[in-house]
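Undergrad: Once you've had a glance at the structure underneath, I'll fire off some questions.
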Amino acid sequence: MGLSEAAVRQRVQRMLDNETMQIVAVTDPLQLGLNRQAMVLIRVNGDVREVADQLEQIEEVDYLVVTAGSVDLLAEVVVSDDDALFSLLNDKIRQIPGVLSTETITYLGLRKQTYQWGTR
C-alpha cells in the first residue's frame with residue numbers, strides 16, 4: 001500500500017473514531033449452546049419505531065431492521081432450543097403493544113456469512 005505502519009494505525013484510528021469502521025469478534029452460536037437461530041418477520045399496527053425500541057431491549061434479538069414491504073421489522077434471534085424460541089415469541093415479542101403478527105423462519109443451516117462490504 002505504500003504507507004508506513006504509523007500512517008495505517010492513524011487511518012484506522014480515525015475510522016474507528018468517526019464510526020466508519022468497527023472491529024468486532026463474531027462468535028459461533030452453536031459453540032455457545034445456542035442451537036436455534038431464526039428470522040422473525042413482524043407486522044406492526046401503529047408506530048414501528050416504538051415496537052423497534054422494545055425489541056432492541058430483548059437480549060435474544062441480535063439483528064433488527066426496519067423494512068418497507070409486506071412486513072415492518074425483521075428480527076434475527078438466537079436461542080438455545082425450540083422451547084426457548086416459543087417462549088421468546090409468545091412471552092416477549094407477541095406481548096409488545098403494537099405487534100400485529102409474526103412469522104418465523106427457522107434456520108436449518110448457515111451456508112455463508114461474510115463481513116467484507118468494503119473490500120470490493
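FYI, it's all coordinate maths here, none of it is from the lab. No experiment lies behind these values; they were computed from the predicted model shown. As a convention, Cβ positions derive from the backbone with ideal geometry for all residues, glycine included, and neighbour counts pool all protein chains shown.
Undergrad: How large is the charge dipole for the chain, taken about the Cα centre, if only the Cβ atoms of Lys, Arg (+1) and Asp, Glu (-1) carry charge, to the nearest 20 debye? Before the final figure, lay out each step's value.
TA: Details: 11 positive and 18 negative charges, 131 e Å.
In debye, rounded to 20, the chain gives about 620.
Undergrad: Could I ask something else about it? By the scheme Lys and Arg +1, Asp and Glu -1, what is the net charge of all other residues having a beta-carbon under 14 Å from that of ASP17?
TA: Numbers: positive: ARG9, ARG11, ARG14; negative: GLU19.
Computed value for this residue: +2.
Undergrad: Further question on the same structure: Looking at the square roots a ≥ b ≥ c of the eigenvalues of the Cα gyration tensor of segment 1-64, which shape do they give, rounded for a/c under 1.5, prolate if a/b is larger than b/c, or oblate?
TA: Details: a/c = 4.08, a/b = 1.82, b/c = 2.24.
Cα axes put segment 1-64 in the oblate bin.
Undergrad: Rank ILE42, VAL65, LEU55 by how far each Cα sits towards the positive end of the charge dipole of the chain (+1 on Lys, Arg Cβ; -1 on Asp, Glu Cβ) and give me just the farthest.
TA: VAL65
Undergrad: List, largest first, the extents of the alpha carbons of segment 33-106 along their principal axes, each in whole Å.
TA: Each principal axis gives a Cα extent; for segment 33-106 these are 35, 21, 18 Å.
Undergrad: If you don't mind, another one. Roughly what would the spin-label model give for ILE23 and SER87, points 7 Å off Cα along C-beta, in nm?
TA: Using points 7 Å along Cα→Cβ, the separation is 3.7 nm.
Undergrad: Follow-up. Could you tell me the relative contact order of segment 33-106? Use alpha-carbon pairs under 8 Å, at least six residues apart, and round to a whole percent. Can you show the working numbers first?
TA: Values: 132 pairs, mean separation 35.5, N = 74.
Taking the mean separation of contacting Cα pairs over the length of segment 33-106, I get 48 percent.
Undergrad: Can I ask one more? Residue separation times 0.36 nm, minus the C-alpha to C-alpha distance between GLN10 and THR67: what's the value? Could the numbers behind the result be given before it?
TA: Working: separation 57, 0.36 × 57 = 20.52 nm, distance 3.63 nm.
Contour length minus the Cα-Cα distance gives 16.9 nm.
Undergrad: If you don't mind, there's one more thing I want to ask. To the nearest 500 deg cm²/dmol, what mean residue ellipticity at 222 nm is calculated for the chain from DSSP H runs of n ≥ 4 alone, each contributing -39,500 (n - 2.57), summed and divided by the residues?
TA: Numbers: 3 runs with 28 residues, N = 120.
So the calculated ellipticity at 222 nm is -6500 deg cm²/dmol.
Undergrad: Determine the gain in length on full extension of the stretch GLN95-ARG49; use 0.36 nm per residue of separation and subtract their C-alpha separation, reporting nm with one decimal. Can you show the working numbers first?
TA: Numbers: separation 46, 0.36 × 46 = 16.56 nm, distance 1.59 nm.
Extra length from GLN95 to ARG49 when fully extended: 15.0 nm.
Undergrad: Same structure, new question: For a footprinting-style exposure proxy, rank ARG11, ARG36, ARG49 by other Cβ within 10 Å, fewest first.
TA: Numbers: ARG11 13, ARG36 20, ARG49 10.
Fewest-to-most Cβ neighbours within 10 Å comes out as ARG49, ARG11, ARG36.
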